[in-house]
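> Structure provided below as structure tokens; questions to follow.
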Amino acid sequence: MYAQLVKSEGSKSREEMTPEELSFQDRIDRGEKVEPKEWMPEGYRKTLIRQIGQHAHSEIVGQLPEGNWITRAPTLERKAILLAKVQDEAGHGLYLYSAAETLGVSRDELMEKLHSGNMKYSSIFNYPTLTWADMGAVGWLVDGAAIMNQVPLQRTSYGPYSRAMIRICKEESFHQRQGYDIMMKMCAGTPEQKAMAQDALNRFWYPALMMFGPSDKDSIHSAQSMAWKIKMNTNDELRQKFVDQTVPQAKYLGLTVPDENLVWNEEKGGHDFSEPDWSEFFAVIAGNGPCNAERLGARVKAWDDGAWFREGLMAHADKAAARRIAAE
Ligand code: 3HC
């Protein structure tokens, strides 16, 4: 079924697996959840740390483009909604870091890897948010793409990740709706407001398609991650679903998806559409997108600025522990 997927490095056929690996794979195939203290192949553990860690980083870095608009939201109500949404993203990051910690990695290690450029976060957050309409486009398209990817992850094989995703998905669907609501308002507004909404769609369409990762033929991890049910769908499957879901929503808004090749294909029961510019995608994930330096710089600064607070907490915890021991 997934003949287009490339073989993942280090993946094994059943004949090559040890008895432990075979019985682990059988548990996965039966749909059982894996829990933190149970035996798991090292590759499974590492893949989860990579994926959950990148996901957590995406939630945290993802606060920055929207945080940029909190002080400039057009009404008090919009400001309160945006503030709540950005706080939700911080919460998602924290659940996900906690899920990653159950795999034996510390939060400090994950932070160090993010700050030194040794761990990725979603490509989408390296694009600027230039106008208020971008808050609409981000909620509608970016959170919309995130939900498309994350709803299946509620069934992922690792228990703590799957449980974190259930809560996250509930909040993400509210985020998507608030973005679409902004777009509806702008599209029903003045011609200038509608033009801003169209411009935001034009700039965010292809970066949103890139969120699902490279095409299946270039996705080095998909085959193994799907065998382990760390991923439930291929990148191209989810991208197709996203396009099919989003095109009618754009039509309802009276906006034009910026793709001349976009057409309904009756035979496949989905849209044909243009691929994003993959050279741009690979440049962005290599650190060379429009805002990579700014985003990482902001995170490193926040970490450094918070050092006194972390040190204060540790000093307090040490003193409290010493007092407890002295009282025993
Ligand atoms: N941005 C950055 N890097 C990406 C990427 C993207 N959009 N898509 C793929 N990559 C990277 C992969 O991490 C991998 O690099 P690595 O080997 O250095 O880790 C490389 O490109 C090859 O891609 P693969 O398809 O082989 O990688 P995966 O199997 O990991 O698939 C994925 C990529 C689909 C993003 C998968 O990791 C995934 O489903 N992750 C969980 C969801 C997630 O991280 N979502 C973040 C979205 S933003 C968000 O949720 C915030 C919300 O508030 C909107």
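> Show the residues, 5+ positions off or on another chain, whose built amide H is closer than 5 Å to the amide H of GLY270.
Placed amide hydrogens put ASN265 under 5 Å from GLY270.
> Let me ask something else about it. How large are Rg and Dmax for the range 11-118 when calculated on the C-alpha trace, in angstrom?
19.0, 63
> Give me a comma-separated list of calculated 3J(HN,Hα) values for the range 318-324, in order, Karplus coefficients 6.51, -1.76, 1.60 applied at θ = phi - 60°, integers in Hz, x for any Gly or Pro.
Calculated HN-Hα couplings, in order: 5, 5, 4, 5, 4, 5, 4 Hz.
> Below 8 Å, C-alpha to C-alpha, sequence gap of six or more: please give me the relative contact order for the chain in percent. Mind showing how you got there, number by number?
On the way: 365 pairs, mean separation 69.8, N = 328.
Reported as a whole number, the value is 21 percent.
> Projected onto the charge dipole of the chain (+1 at Lys/Arg Cβ, -1 at Asp/Glu Cβ, origin at the Cα centre), which of MET111, ASN126, ILE220 gives the Cα projection farthest towards the positive end?
Final value for the positive-end residue is MET111.
> Can you tell me the FRET efficiency between ALA80 and ALA286 if r is taken as the Cβ-Cβ distance and R0 is 41 Å, rounded to the nearest 0.05?
Working: r = 38 Å, r/R0 = 0.92.
My answer for the efficiency is 0.60.
> Let me ask you something else. Build a GNM of the chain with springs between Cα atoms under 10 Å: which of GLU237, GLU294, GLU260 gets the top mean-square fluctuation?
With Cα springs under 10 Å in the chain, the top fluctuation among GLU237, GLU294, GLU260 is at GLU260.
> Rounded to whole Å and sorted largest first, list the principal axis extents of the Cα atoms in the range 195-328.
In descending order, the Cα extents are 76, 42, 30 Å.
> If you take the alpha carbon radius of gyration of the range 121-203 and divide it by 2.2 N^0.38 Å, what ratio comes out, to two decimals? Mind showing how you got there, number by number?
Values: Rg = 14.8 Å, N = 83, 2.2 N^0.38 = 11.8 Å.
Rounded to two decimals, the normalised Rg is 1.26.
> Same structure, new question: Evaluate the Kirkwood expression for the hydrodynamic radius of the chain, namely the inverse of the mean inverse distance over all pairs of different C-alpha atoms, and round to one decimal in Å. Mind dumping the intermediate values first?
Numbers: mean 1/r = 0.0467 Å⁻¹.
Evaluated on the chain, it is 21.4 Å.
> Output ³J(HN,Hα) for the range 106-123: one whole-Hz value per residue in order, computed from phi by the Karplus curve 6.51 cos²θ - 1.76 cosθ + 1.60 with θ = phi - 60°, and x for Gly and Pro.
Result, ordered by residue: 8, 5, 4, 4, 5, 4, 4, 5, 5, 5, 8, x, 8, 9, 8, 9, 4, 3 Hz.
> What size of dipole, in debye to the nearest 20, comes out for the chain about its Cα centre when the only charges are +1 on Lys and Arg C-beta atoms and -1 on Asp and Glu C-beta atoms?
Details: 39 positive and 46 negative charges, 181 e Å.
It works out to roughly 860 debye.
> Gain in length, LYS170 to THR102, computed as 0.36 nm per residue apart minus the alpha-carbon separation, to one decimal in nm? Show your work: numbers first, answer last.
Details: separation 68, 0.36 × 68 = 24.48 nm, distance 2.28 nm.
Gain on stretching LYS170 to THR102: 22.2 nm.
> Separate question: Which far-off residues, 5 or more places away or on another chain, put their amide H under 5 Å from the one on SER157, with H placed in the peptide plane?
Amide H neighbours of SER157, under 5 Å, 5+ apart: ILE230.
> A further question follows. Residue separation times 0.36 nm, minus the C-alpha to C-alpha distance between THR18 and GLU275: what's the value? Please list the in-between numbers first.
Numbers: separation 257, 0.36 × 257 = 92.52 nm, distance 4.01 nm.
This chain segment gains 88.5 nm when fully extended.
> Please compute the length gained on full extension between ALA322 and GLU109, using 0.36 nm multiplied by the number of residues separating them and subtracting their Cα-Cα distance. Write down the numbers at each step before the final one.
Numbers: separation 213, 0.36 × 213 = 76.68 nm, distance 2.66 nm.
In short, 74.0 nm is gained.
> Also, quick follow-up: How would you order 317-327, 202-212 from highest to lowest mean count of nearby Cβ atoms within 10 Å? The partial results should precede the final answer.
On the way: 317-327: 9.1, 202-212: 21.7.
Top to bottom by mean Cβ count within 10 Å: 202-212, 317-327.
> Would you order VAL142, VAL6, VAL284, VAL86 from fewest to most other beta-carbon atoms within 10 Å of each residue's own beta-carbon? Let's see the in-between values first.
On the way: VAL142 26, VAL6 13, VAL284 22, VAL86 19.
Ranking VAL142, VAL6, VAL284, VAL86 by Cβ neighbours within 10 Å, fewest first, gives VAL6, VAL86, VAL284, VAL142.
> Here is a follow-up. Say we join alpha carbon atoms closer than 10 Å with springs in a Gaussian network model of the chain; which of VAL61, VAL34, VAL138 then has the biggest fluctuation?
Per the Cα network of the chain with a 10 Å cutoff, VAL34 tops the list.
> Moving to a separate point now. Show me, for the range 194-207, the HN-Hα J-couplings you get by feeding each phi into the Karplus relation (A = 6.51, B = -1.76, C = 1.60, θ = phi - 60°), rounded to Hz, glycine and proline as x.
Residue by residue, the range 194-207 yields 5, 5, 5, 5, 5, 4, 5, 4, 4, 7, 9, 4, 5, x Hz.
> Counting only helical runs of four or more DSSP H residues, what would the 222 nm mean residue ellipticity of the chain come to if each run contributes -39,500 (n - 2.57) and the total is spread over all its residues? Walk me through the numbers before you get to the answer.
On the way: 14 runs with 201 residues, N = 328.
Only helices count here, giving -20000 deg cm²/dmol.
> Only counting other Cβ atoms within 10 Å, I'd like CYS169, CYS187 sorted with the fewest neighbours first. List each step's numbers first, then the result.
On the way: CYS169 17, CYS187 20.
Ranking CYS169, CYS187 by Cβ neighbours within 10 Å, fewest first, gives CYS169, CYS187.
Read-outs throughout are calculated quantities, based only on the coordinates presented, and are distinct from any laboratory measurement. None of the values given here were measured: they were computed from a predicted structure. With ideal geometry, Cβ positions are generated from the backbone for all residues, glycine too; neighbour counts draw on all protein chains shown.
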